[in-house]
Amino acid sequence: MGTIISTVNMKGGVGKTTLTVNLATCLAKHHGKRVLVLDLDSQISATLSLIAPHEFAKVRKKRRTLSYLLDNVVSPNPWSKLNVEDIILTNVCNIEGLELLPGDIELYDEYLVSEMLHQRAIEDDNKEFAKVWDEFEKVLIRQIVEPVVDDYDFIIFDCAPGYNLLTRSGIAASNYYILPARPEPLSLVGIQLLERRIAKLKKNHQPQALNINLLGIVFILSAGGLMGRYYKQVMKRVKDDFQPERLFEQSIPMDVNVARAVDLFTPVSVAMPNSSGSKAFVKLTEEFLGKIQAEEPLSTVN
């Protein structure tokens with residue numbers, strides 16, 4: 001069964017997408033793993049980091065995005081012709097084993113979701129709405145990936161910043177989450193907020209416990225020199241708050257090639273394999289696999 005990972009931080013701009021697509025690429029390219037990237041962010045950064053905009057436009061025109069699957073969960077359509085296998089793009093970036101379930105700029109209608117859950121609560125003997133919502137967010141993303149979870153070694157969710165329905169549902173469906181962070185005060189606030197939210201998420205889903213654990217925090221740097229010394233001070237604060245095994249030793253250095261790769265709609269580990277950023281992701285992927293092997297086996301379906 002595949003291991004499901006969420007890449008998440010409450011704050012935006014910390015490198016979630018960069019980490020997601022390059023980790024997935026290195027797993028497939030260098031370790032022969034079959035990996036699915038699922039873009040849960042309406043900014044579709046992960047999608048556009050793996051395919052060009054004109055390719056996405058073609059995919060979206062055919063409704064072959066996550067939005068189609070979400071619509072069928074919210075408003076089931078017996079005449080639906082596409083399933084999750086039909087929507088997944090294979091051999092992304094010409095890498096065998098690297099696959100993508102594209103996101104969309106319009107993922108779901110919050111009003112329709114609320115209306116549907118309200119009706120469901122009424123039909124279930126006026127069940128408390130909050131409980132109906134909790135049950136729905138727990139199964140929403142899991143229901144989408146469950147048919148294909150056995151086909152992959154890893155499924156990696158690129159979650160949106162903040163804490164919306166899809167982010168919560170992605171976390172609830174995961175075995176682990178990775179927390180990318182820049183060693184800056186606001187990024188650290190994002191770490192603290194997320195840890196509190198996940199603790200609350202676990203509590204809300206009692207007595208059916210969520211088997212979701214922090215695999216590690218990854219520092220993604222963006223400056224050097226004097227700022228580098230400040231970064232070390234901030235990083236030390238994080239290290240004092242977390243056990244060593246919950247921190248990745250490998251950080252991602254500042255490398256302009258990482259940004260340039262985004263303009264090519266390709267991960268840096270493919271576009272510029274000899275760059276410092278690419279080499280760092282290769283090492284990070286090896287550390288990632290070591291952490292996975294060290295963890296006790298967890299069931300993919302919580």
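Tell me whether segment 102-115 contains one or more residues that are closer than 26 Å to residue 277 by Cα and surrounded by fewer than 20 Cβ atoms within 10 Å (Cβ to Cβ). Break it down into steps so the answer makes sense when it comes.
First, pick out the residues of segment 102-115 that are closer than 26 Å to residue 277 by Cα: 102-103.
Checking the rest, the ones that are also surrounded by fewer than 20 Cβ atoms within 10 Å (Cβ to Cβ) come to none.
Checking segment 102-115: not a single residue is closer than 26 Å to residue 277 by Cα and surrounded by fewer than 20 Cβ atoms within 10 Å (Cβ to Cβ).
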Note to self: Restricting to segment 160-200, count the residues that are over 20 Å from residue 291 (Cα atoms), at pLDDT 90 or above and touching a strand residue (DSSP E or B) at 6+ places or on another chain (Cβ under 7 Å).
What the structure shows: 1
Item checked: Condition broken by residue 155, with the remaining ones in (1) farther than 19 Å from residue 243 by Cα; (2) at pLDDT below 75; (3) in contact with a strand residue (DSSP E or B) (Cβ under 8 Å, 6 or more places away or on another chain) satisfied -> (2)
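Just to be sure before I move on: is residue 132 in a helix (DSSP H, G or I) and at pLDDT 95 or above in the structure I sent?
On the way: in a helix (DSSP H, G or I): yes; at pLDDT 95 or above: no.
Against the criterion (in a helix (DSSP H, G or I) and at pLDDT 95 or above), residue 132 does not qualify.
Confirm whether residue 36 is at pLDDT below 95, out of contact with any Pro (no Cβ under 6 Å at 6 or more places or on another chain) and under 25 Å from residue 139 (Cα atoms). Talk me through it step by step, then tell me what you get.
Numbers: at pLDDT below 95: no; out of contact with any Pro (no Cβ under 6 Å at 6 or more places or on another chain): yes; under 25 Å from residue 139 (Cα atoms): yes.
No, not satisfied.
Counting just the residues of segment 6-33 that are assigned to a loop (DSSP other than H, G, I, E, B) and touching a helix residue (DSSP H, G or I) at 6+ places or on another chain (Cβ under 7 Å), which one comes out nearest to residue 182 (Cα to Cα)?
Pass one, segment 6-33, residues assigned to a loop (DSSP other than H, G, I, E, B): 8-15, 32-33.
If we keep only those that are touching a helix residue (DSSP H, G or I) at 6+ places or on another chain (Cβ under 7 Å) too, we end up with 8-11, 14, 33.
On the way: 8: 13, 9: 10, 10: 12, 11: 10, 14: 6, 33: 28 Å.
Checked segment 6-33; the qualifying residue nearest to residue 182 (Cα to Cα) is 14.
One line per residue, one yes/no per condition, for (1) modelled with pLDDT of 85 or more; (2) small (Gly, Ala, Ser); (3) closer than 27 Å to residue 46 by Cα:
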| site | (1), (2), (3) |
| --- | --- |
| 208 | no, no, no |
| 218 | yes, no, yes |
| 223 | no, yes, yes |
| 230 | no, no, no |
| 255 | no, no, yes |
| 282 | yes, no, yes |
| 301 | no, no, yes |
Next item on the list: Check segment 261-280 and report whether any residue there is among the charged types (D, E, K, R), modelled with pLDDT of 90 or more and touching a helix residue (DSSP H, G or I) at 6+ places or on another chain (Cβ under 8 Å).
Entry: no
Next item on the list: Tell me which of these residue 138 doesn't satisfy, since it passes every other one: (1) over 29 Å from residue 266 (Cβ atoms); (2) at pLDDT 95 or above; (3) not small (Gly, Ala, Ser).
Entry: (2)
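When you scan segment 49-97, how many residues do you find that are touching a residue at least 60 places away in the same chain (Cβ under 8 Å) and out of contact with any Gly (no Cβ under 9 Å at 6 or more places or on another chain)? Working first, answer last.
In the first step, residues of segment 49-97 are kept if they are touching a residue at least 60 places away in the same chain (Cβ under 8 Å); the result is 49-53, 66, 69-70, 73, 83-85, 88, 93, 95-97.
Still in the running and out of contact with any Gly (no Cβ under 9 Å at 6 or more places or on another chain): 49-53, 69-70, 73, 83-85, 88, 93, 95.
So the answer is 14.
Kindly indicate whether any position in segment 79-94 is closer than 28 Å to residue 53 by Cα, among the basic types (Lys, Arg) and modelled with pLDDT of 85 or more. Walk me through how you get there before you give the answer.
Step one: of segment 79-94, the residues closer than 28 Å to residue 53 by Cα are 80-94.
Of the ones still in play, those that are also among the basic types (Lys, Arg) are 81.
Retained after the next criterion (residues that are modelled with pLDDT of 85 or more): none.
Scanning segment 79-94 turns up no residue that is closer than 28 Å to residue 53 by Cα, among the basic types (Lys, Arg) and modelled with pLDDT of 85 or more.
Can you report the number of residues in segment 144-165 which are in contact (Cβ under 8 Å) with a residue 60 or more places away in the chain and either closer than 22 Å to residue 200 by Cα or touching an Asp or Glu at 6+ places or on another chain (Cβ under 8 Å) (or both)?
Residues flagged as in contact (Cβ under 8 Å) with a residue 60 or more places away in the chain and either closer than 22 Å to residue 200 by Cα or touching an Asp or Glu at 6+ places or on another chain (Cβ under 8 Å) (or both) within segment 144-165 amount to 10.
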Notebook entry, point to check: Take the residues of segment 245-290 that are over 19 Å from the mean Cα position of the chain (by Cα) and among the polar types (S, T, N, Q): which is farthest from residue 217 (Cα to Cα)?
Noted result: 274
Next item on the list: Hey, could you check segment 252-281 for residues that are touching a Pro at 6+ places or on another chain (Cβ under 9 Å) and surrounded by fewer than 18 Cβ atoms within 10 Å (Cβ to Cβ) and say which is farthest from residue 91 (Cα to Cα)?
Entry: 276
Notebook entry, point to check: Taking segment 34-47 on its own, how many of its residues are outside any loop (DSSP other than H, G, I, E, B) and surrounded by fewer than 21 Cβ atoms within 10 Å (Cβ to Cβ)?
Noted result: 1
Checklist line | Matching entry among 69, 50 (being of a type outside the set (Val, Ile, Thr) and part of a loop (DSSP other than H, G, I, E, B)) | finding: 50
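Quick test for you: out of 156, 105, 141, pick the one residue that is within 15 Å of the chain's Cα centre (by Cα), outside any helix (DSSP H, G or I) and hydrophobic (A, V, I, L, M, F, W, C).
Only one candidate passes the filter, namely 156.
The values are calculated or read from the model by the stated rules, or taken from the named source; none is laboratory data. These figures come from a predicted structure and were not determined experimentally. Here the Cβ is made from the backbone with ideal geometry for all residues, glycine too, and neighbour counts use every protein chain on show.
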